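Beneath this line is the structure, given in structure tokens, with notes to follow.
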Amino acid sequence: MQVTLEKTGDLDAIIKVQVEENDYNTKVDKELKEIGRTHTIPGFRKGHVSLDQLRRRFGKEVKSRILNDEVFNAVISYLRDNKIDILGEPLPVKVQEVNLDDKDYTFEYEIGLAPKVEADVNKEITVPYYTIAVSEDMVKEQDQALLRRFGSQVPGEEVDATALVKGAIMELDADGNVKTTDDAIQVVAGIVAPMYFHDKAEADKFLGKKVGDKVVFNPAKAAGDSVAELSSMLNIDKERAANVKADFEMAISEIIVLKPAEHNEDFYKQVFAGNTVTTEEEYFDQLRKMIAQQLAPNSEMKFNHDAQEALMEKFGNIELPAAFLKKWLIVRNEELNEENIDAEFEKMIPGIRWELLSNQIRANQDIKVNEDDMLNFAKGIVYNQFMQYGMTNLTDDVLTDYAKKVLSDQQQARRIHDDVSERKLFNVVKALVTLDNKEVSLDEFKAMVNPAPAAE
């Protein structure tokens, strides 16, 4: 089998594969004999079908399949052995009809050659790096949130913005009286949390109310569009809840309010488990560091975006085998055709160029993702998930076991691989370029990330 490459353009080429009978004949005969041995063919005893008969019945199908496999494998091997990088996959120039009587064949495949990519990332490239300043308002807000989070629920005298309200909830009729009919909805031991109401006006009806007071409110409005919330509030099934529109009266029997925690050593230990924070000054210092850590991913995300833009501006003018790629994309994607491919391809060009450029940077800097990288990343995901439920004292063995379960899902493993690869790429880029460090307020940062639309 002879394989040759002929360039038809700067980034286009044809691969020719010349096949002679002795390249495939032995494999064809072997497979035909196996069919005769294992298949029951009408008119013949199993294993007693002549090779000529097998050729007449199955020869074309078997020959076509083996030829296609052998030729395609030869093309891939040629590209690999000669270190020829391509975009997409080889496409047959035409569908080759295989006849039993033919012995020699020539197959042709169209390929798009990967362009040479320059990616000399160095200190001459400057990328801004925005650090979000931790304001005193942020510290105060975080402090108040932590005091509430580690606070306790105690009986209250009146309903405030954090209160849980207990009491009987009774359906009202059209005249505003408590319904007494058999179909009336009555919740003897009801509980509502106005702070979670979807309608502020309904929540405000409870503010300042005391034990013994009655409040007329509309549960359907309070629940918004959530039938599930309404059914839970009124202790009825979802089908019935979907049709509830009436007002209800709640006779308040108990009020539970949140008593915030106080600044003391016990509170500091709860907030910063395992940390040696003992004073209010140390607490606020750690709080500022915690907020800075929470904001840091935003800075990283902004840097990644700005770095990609800077690198694309510097190296992104990459020539592509456009005609071939369009053809390949049409074959690959049934939603694409001759009518829409030009417009769709224009949208794809930046992504294709960035993939080529980023892959070249990875190659230049020997950036690779190993199993330990993926395991540690997955452990971080698992830790953050458990932390949401206040579970922060997990052992490394437990985290590792859960992380391995995450990675056993191929889809999640691929996503984690891509995330790790991107993180390592931009960490390397950050070290190679010159950083223009700037400190900005949170509002300034938000305005950069989500600029206001221009006035018409």
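The values are calculated or read from the model by the stated rules, or taken from the named source; none is laboratory data. Bear in mind that the values here come from a model prediction, so they are computed numbers and not experimental data. Ideal geometry is used to build each Cβ from the backbone, glycine not excepted, and the neighbour counts take in all protein chains shown.
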Query raised in the report: Got a number for residues in segment 392-436 being under 19 Å from residue 364 (Cβ atoms) and in a loop (DSSP other than H, G, I, E, B)?
Result: 1
Query raised in the report: Under 8 Å by Cβ, and 6 or more places apart or on different chains, what pairs join a residue from segment 213-238 that is aromatic (Phe, Trp, Tyr) with one that is at pLDDT 95 or above?
Result: 217/202; 217/205; 217/206; 217/247; 217/248; 217/250
**Report entry** Tally, over segment 205-236, of residues that are within 35 Å of the chain's Cα centre (by Cα) and part of a helix (DSSP H, G or I)
**Finding:** 11
Report summary line: Considering segment 143-172, residues that are of a type in the set (Val, Ile, Thr) and buried (at least 17 other Cβ atoms within 10 Å of the Cβ), and then whichever is farthest from residue 447 (Cα to Cα), we arrive at 169
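For segment 335-384, which positions are farther than 17 Å from residue 121 by Cα, among the small types (Gly, Ala, Ser) and outside the structural domain of residue 421 (by TED's automatic domain parsing)?
Residues satisfying the conditions are 343, 351.
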Requested in this report: Select, from 130, 78, the only residue that is assigned to a helix (DSSP H, G or I), aromatic (Phe, Trp, Tyr) and touching a residue at least 60 places away in the same chain (Cβ under 8 Å).
Outcome: 78
Query raised in the report: Looking only at segment 309-321, which residues are touching a Leu at 6+ places or on another chain (Cβ under 9 Å) and without any contact (Cβ under 8 Å) to a residue 60 or more places away in the chain?
Result: 312, 316
Query raised in the report: Counting only residues that are among the hydrophobic types (A, V, I, L, M, F, W, C) and either under 41 Å from the mean Cα position of the chain (by Cα) or crowded, with 17+ Cβ neighbours inside 10 Å (or both), which one in segment 173-200 is nearest to residue 246 (Cα to Cα)?
Result: 185
Query raised in the report: For the subset of segment 264-277 comprising residues that are in contact (Cβ under 8 Å) with a residue 12 or more places away in the chain and loosely packed, with under 15 Cβ neighbours inside 10 Å, which member is nearest to residue 151 (Cα to Cα)?
Result: 270
Report summary line: Those residues of segment 414-435 which are among the aliphatic types (A, V, I, L, M) and either exposed (fewer than 14 other Cβ atoms within 10 Å of the Cβ) or in contact with an Asp or Glu (Cβ under 8 Å, 6 or more places away or on another chain) (or both) amount to 420, 431
Query raised in the report: Only one residue in 284, 267, 324 is touching a strand residue (DSSP E or B) at 6+ places or on another chain (Cβ under 7 Å) and part of a helix (DSSP H, G or I). Which one?
Result: 324
Query raised in the report: Yes or no: residue 140 in contact with an Asp or Glu (Cβ under 8 Å, 6 or more places away or on another chain), surrounded by 11 or more Cβ atoms within 10 Å (Cβ to Cβ) and over 30 Å from residue 351 (Cβ atoms)?
Result: no
Query raised in the report: What are the residues in segment 278-295 that are out of contact with any Leu (no Cβ under 9 Å at 6 or more places or on another chain), in contact (Cβ under 8 Å) with a residue 12 or more places away in the chain and not hydroxyl-bearing (Ser, Thr, Tyr), if any?
Result: 280, 282, 284, 286, 288, 290, 291, 292
